[in-house]
Amino acid sequence: MIKSTKVKWGEIKVGVLITIALFVLLWASFSGSGTSIFDKKVRYIAYFDNVNGLVKGAPVWIAGVEVGNVTSIKFVNLDSAGQIELKLRVKESVTNMITIDASIKLGTIGMLGDKYVEIIPGTLGKPLIAEDGAIRTDATGNLAAIMSEGEELVTSSRKVMGNLCEITAGLKDGEGTIGQLLVNNQLHVELTGLIASMTILMDGLQKNQERITSAMENISTDLADVTSKANSNSGTIGKLLGDPKLYDNLNSSTGRIDSILSKINQGQGTAGAMVNDDELYQEIKNLVVRINNLVTDIEQNPHKYLKFSVF
């Protein structure tokens, strides 16, 4: 005899709810992380000298969007910059951005947060990196390098602070010109006196400048007055500039003087004979010599020429 088993409606509802919950969990596991097992993936390789705690399964981002995950991390020791090989899978739908000039770097969510891999897209239109090809590593996102640069910066800052402390101590002790300015009251007094003297000097220069300016204005006024008189034919300069009679007289006098000089050059008249006649010149010269001899003889023998008698 076959026994019939009755399924209660409450049990059916429980089974349906469990099935729906399992489906939701599976969907969340496949698509909640940004990728799904149903998306077609493309494999790539990258090399790092240090992954800073990155683990297998870590997300891969492009422009802040999760597009894949890390599938393998292993040591290969190719060189100092390629000690660790990273294999990753990326959704095929975004591979058009992974061109030959694309790069890859490590990132951290916060200073001590989870690690992830970020692909920096290349130039659209350039050739794509083939599947299983290597993406160029960008070390700017390396946390260790950043920390190392930070340590160097701290060390340099300490050195600078030490030098500043030494300089400050020297200034406090009065070393150097600035130190003397800080601690020496005599320098303050002298500088104050110098500033006062400079103020007086500048005041004097300003007053002189005012006097010079006033004198230049007076000269300009006088020149304007002279020019005005000259233009109106007033005064000697005005007559010289505007009176044609004076010019005619000067021209006539010049002509007469030129005529006289021409006659003299030609030996005409007494002046011409004196200038051009050599014989007259010799006679005058001889006469002067005889007169000199006569005067000399009179001085030496006055009794020959001068005779005195009382009676």
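Please treat every number below as a calculation from the coordinates, not as lab data. The model shown is predicted, which means the values in this text are computed figures rather than measured ones. Don't worry about glycine lacking a Cβ; one is built from the backbone with ideal geometry, like all the others, and counts go over all protein chains shown.
For the stretch 42-58, the Karplus equation 6.51 cos²θ - 1.76 cosθ + 1.60, evaluated at θ = phi - 60°, returns couplings of 10, 8, 9, 10, 9, 10, 9, 8, 7, 9, 6, x, 5, 10, 4, x, 4 Hz by residue, with Gly and Pro reported as x. For the listed peptides 57-66, 191-200, a ranking on the average number of other beta carbons within 10 Å per residue, highest first, reads 57-66, 191-200.
Spin-label model, Arg290 to Asn265: label points 7 Å out along the Cα-to-beta-carbon direction sit 3.5 nm apart. For Gln268, the amide hydrogen comes within under 5 Å of no other amide hydrogen, counting only partners 5 or more places away or on other chains and with H modelled in the peptide plane. Stretching the chain fully between Ser220 and Lys40 yields a gain of 55.1 nm (0.36 nm per residue, less the alpha carbon separation).
Between Ile298 and Ser253, what FRET efficiency comes out of the Förster formula 1/(1 + (r/R0)^6) with R0 = 35 Å and r the beta carbon distance, rounded to 0.05? Write down the numbers at each step before the final one.
Values: r = 47 Å, r/R0 = 1.35.
Calculated transfer efficiency: 0.15.
Shape annotation for the stretch 32-141: C-alpha extents along the principal axes are 32, 31, 22 Å, from largest to smallest. Close amide H partners of Asn69, meaning residues 5 or more places away or on another chain with modelled amide H under 5 Å apart, are Val60, Arg89. Taking each of Lys74/Lys105; Lys40/Lys87; Lys91/Lys126; Lys207/Lys229; Lys105/Lys159; Lys40/Lys115 in turn, the alpha-carbon distance tops 22 angstrom for Lys207/Lys229; Lys105/Lys159; Lys40/Lys115.
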